[in-house]
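The values are calculated or read from the model by the stated rules, or taken from the named source; none is laboratory data. Model, not experiment: these values are computed from the prediction. A quick note on method: Cβ atoms are made from the backbone with ideal geometry, for glycine too, and the neighbour counts reach across all protein chains shown. Accessible surface is based on the protein model in full, side chains and every heavy atom, while ligands, DNA and RNA are left aside. Shrake-Rupley method; radii C 1.70, N 1.55, O 1.52, S 1.80 Å.
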Amino acid sequence: MASAGVPQLEYKSIRHQFVDGERDFVAVDGIELTVRQGEFLCIIGPSGCGKSTLLNLAAGLIHPTEGTVLYRGEEVRGLNTDVGYVTQRDTLLPWRTAARNVSLPLEVQGVPEAERKERVEKVLELVGLHKRGNRYPSQLSGGMLKRTALAQILVYEPTTLLMDEPFGALDAQLRMSLQRELLEIWGRKSQTVLFVTHDLEEAILMGDRVVVFGANPGRIIHVEDVSLERPRDLVALRADPRFTSTWERLWSLLAPQITEKE
Amino acid sequence: MNTVTAKPGSATVAPSVSALARQARRRRRAAILLMQLALAIGALVFWEWAAGPRNTPGILIDEFYISRPTLVWDALRRWTTEGVLWISIYYTFETTVLGFIIGTAMGLVVGFILGVNPFLASIFQPFINALYSIPRLALVPLFMLWFGIGIGSKLALVVSVVFFLVFFATFTGVKDVDQELLNKLRLMRANWWSVHMKVTLPAATTFIISGLSISLPYALVAQVTAEMLSSNRGMGYLLIRSSSQFYTPGVFAAITVLMVMGVALTWSIQLLESWLLRWKPKAH
Ligand SMILES: Nc1ncnc2c1ncn2[C@@H]1O[C@H](COP(=O)(O)OP(=O)(O)OP(=O)(O)O)[C@@H](O)[C@H]1O
Ligand SMILES: [Mg+2]
């Protein structure tokens, strides 16, 4: 464990551009952000504003054109194997059943078979898929695929979780139960979480802080401290005046961003 | 195994619907099988009836050219009692399969290495393309010079045919692997070996299996050709010996046996394919 003072993740004057045909396309610019150890950080913003880019930078899948990304005080140069990444796009292995997909990270990390089985079962139960473990991805619904991908990362308990709209394709009920589970796990394991979502309610209910992105170019327009105490009652809080006022304030920032596009 | 009926949803729909569909499908298959059987028997009967000794009344075709099913059967029986049939089948089969396995192994290894090393690939590609464009039969004299007229030169020819097809399939499949999947494994701290064993190879399987099923019939062709060119063993030898003795039933008997062998080999590779690709959604 690094000393408690070191931030988990730091973005320092980040600018990232993609080579887009002849021209360069600036995806994000002027990103200054410090993620504290054990923090649950939510990121929200219009489509195409660079949220996934931010997570890819943290994972070391891409490297910034300008500026540096520090992980626990050290610059991210290669892949950052301390993070578990639930990507936006589904990347399950189609030739493995759901259960074998979930056990994949444990296999490559040399976890003994008996322990593997036990942990996989537990996590599948957690995401409500224990009865579908022997199905291949082609036999699962969109929401089941999302949950399998989630289970695959949760199972090996990485120190930092990068989650890109993990609950995107789920119905309200399932979504809330998974939100609860995730908060519970996070509370127990003291992981650091970067959580990208399109849902402002979700961002406020889950996060210690909410980072609001603006577009053209992608940049941070606001960082909100959410002072709701934990553990949170996700149902009761929706009626809480502190929640609603925060929601309204952030929505007034977000709405023009979303309509401005196109 | 996993037919449409095993898909989610259809289990909750009235089971009688899927049962009916299954019954209809089974009936259709039975009808097809029956027609095929009738067609085959009809062809054999016509052959037997139409062919006969030259200048006999009622005979359409001289049996010297096309033999007759009963004569072919006699030839097969004769070879069995002479004790050459099974030995020849075994020899041809064994050499084909052995050559196929060696060629496949080489194609897999080289295809994989070049597939994951774009730099090496661009160095070797023109050479491999050049070698591939040599008509393989032109190499037979060389193979005989190097490996003798025994099993060695036959294996060499089979390997030279199988290797390239499996190589190209593996190479294409490995290059085609989704980089995002590889990175995902690397983020999970998988080492080089696990990344390729758990992702690259399985991902390339669809390509590899098509390379195998294309090259297996060619392996048999190569083996029989080699036997016909220089050998005193195998089905190719029986074939060429019969033809040089103007023993037409023997020629047809050898061809029939080779056909059955070809079908059996194709079946076995299809079996392997459906097992390896059992995760693929079935299109019906
Ligand atoms: N590999 C790439 N090449 C070129 N442009 C890219 C590439 N990846 C992303 N971009 C561009 O960078 C911008 C930010 O992309 P990013 O995926 O980070 O958006 P996002 O905020 O995650 O959007 P969404 O909410 O729709 O997922 C987009 O305009 C996108 O078109
Ligand atoms: Mg995104």
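Using the structure shown, decide if A:L254 is part of a helix (DSSP H, G or I) and within 13 Å of ligand 1 (Cβ to nearest atom). Yes: the conditions hold for A:L254. Beta carbons closer than 8 Å, at least 6 apart along the sequence or on distinct chains, never pair a first residue in the stretch B:266-283 that is at the interface with another protein chain (Cβ under 9 Å from one of its Cβ atoms) and open to solvent by 90 Å² or more (accessible area, probe 1.4 Å) with a second that is of a type in the set (G, A, S) and assigned to a helix (DSSP H, G or I).
State all residues of the stretch A:27-66 that are away from ligand 1 (no atom under 16 Å from the Cβ) and either farther than 26 Å from A:I204 by Cα or not charged (D, E, K, R) (or both); if no residue qualifies, say none.
Correct list: A:T34, A:V35, A:Q37, A:G38, A:F40.
The conditions of being in contact with a Lys or Arg (Cβ under 7 Å, 6 or more places away or on another chain) and at pLDDT 95 or above are not met by B:G111.
Please specify each residue of the stretch A:64-97 satisfying the condition of being part of a loop (DSSP other than H, G, I, E, B), among the β-branched types (V, I, T) and either open to solvent by less than 30 Å² (accessible area, probe 1.4 Å) or facing chain B (nearest Cβ under 10 Å) (or both). Steps first, answer last, please.
Initial filter on the stretch A:64-97 (part of a loop (DSSP other than H, G, I, E, B)): A:64-65, A:72-73, A:76-82, A:87-97.
With the extra rule that they be among the β-branched types (V, I, T), the set shrinks to A:65, A:76, A:81, A:87, A:91, A:97.
Those that are part of a loop (DSSP other than H, G, I, E, B), among the β-branched types (V, I, T) and either open to solvent by less than 30 Å² (accessible area, probe 1.4 Å) or facing chain B (nearest Cβ under 10 Å) (or both): A:V76, A:T81, A:T87, A:T91, A:T97.
Within the stretch B:178-224, being crowded, with 20+ Cβ neighbours inside 10 Å, free of Cβ contacts under 8 Å to residues at least 60 places away in the same chain and of a type in the set (A, V, I, L, M) holds for B:L185, B:L187, B:M188, B:A190, B:V195, B:V199, B:A203. Would you check if there is a residue in the stretch B:152-167 being in contact with a Leu (Cβ under 9 Å, 6 or more places away or on another chain) and open to solvent by 70 Å² or more (accessible area, probe 1.4 Å)? No; the residues of the stretch B:152-167 include none that is in contact with a Leu (Cβ under 9 Å, 6 or more places away or on another chain) and open to solvent by 70 Å² or more (accessible area, probe 1.4 Å). Would you check which residues across the stretch A:28-49 are over 19 Å from A:D225 (Cα atoms) and open to solvent by 10 Å² or more (accessible area, probe 1.4 Å) and list them? Answer for the stretch A:28-49, where residues must be over 19 Å from A:D225 (Cα atoms) and open to solvent by 10 Å² or more (accessible area, probe 1.4 Å): A:D29, A:G30, A:S47, A:G48. Total residues in the stretch A:165-215 satisfying the condition of being hydrophobic (A, V, I, L, M, F, W, C), part of a loop (DSSP other than H, G, I, E, B) and away from ligand 2 (no atom under 16 Å from the Cβ): the figure is 1.
All told, A:V211 meets the bar of being within 15 Å of the chain's Cα centre (by Cα), within 12 Å of ligand 1 (Cβ to nearest atom), of a type in the set (A, V, I, L, M) and surrounded by 22 or more Cβ atoms within 10 Å (Cβ to Cβ). Scoring A:Q8 on the criteria (1) in contact (Cβ under 8 Å) with a residue 12 or more places away in the chain; (2) within 16 Å of ligand 2 (Cβ to nearest atom) leaves a single failure, condition (2). Using the structure shown, decide if A:G168 is within 16 Å of ligand 1 (Cβ to nearest atom), surrounded by 18 or more Cβ atoms within 10 Å (Cβ to Cβ) and more than 14 Å from chain B (Cβ to nearest Cβ). Spelling it out, it is not the case that A:G168 is within 16 Å of ligand 1 (Cβ to nearest atom), surrounded by 18 or more Cβ atoms within 10 Å (Cβ to Cβ) and more than 14 Å from chain B (Cβ to nearest Cβ). Among the residues examined, A:E121 qualifies as surrounded by fewer than 17 Cβ atoms within 10 Å (Cβ to Cβ) and more than 26 Å from A:T192 (Cβ to Cβ).
Is it fair to say A:R147 is more than 14 Å from every other protein chain (Cβ to nearest Cβ) and away from ligand 1 (no atom under 16 Å from the Cβ)?
Working: more than 14 Å from every other protein chain (Cβ to nearest Cβ): yes; away from ligand 1 (no atom under 16 Å from the Cβ): yes.
Yes: the conditions hold for A:R147.
Criterion applied to A:L140, A:L145, A:L104 was being in contact with a helix residue (DSSP H, G or I) (Cβ under 7 Å, 6 or more places away or on another chain) and open to solvent by less than 10 Å² (accessible area, probe 1.4 Å), and the one residue passing it is A:L104.
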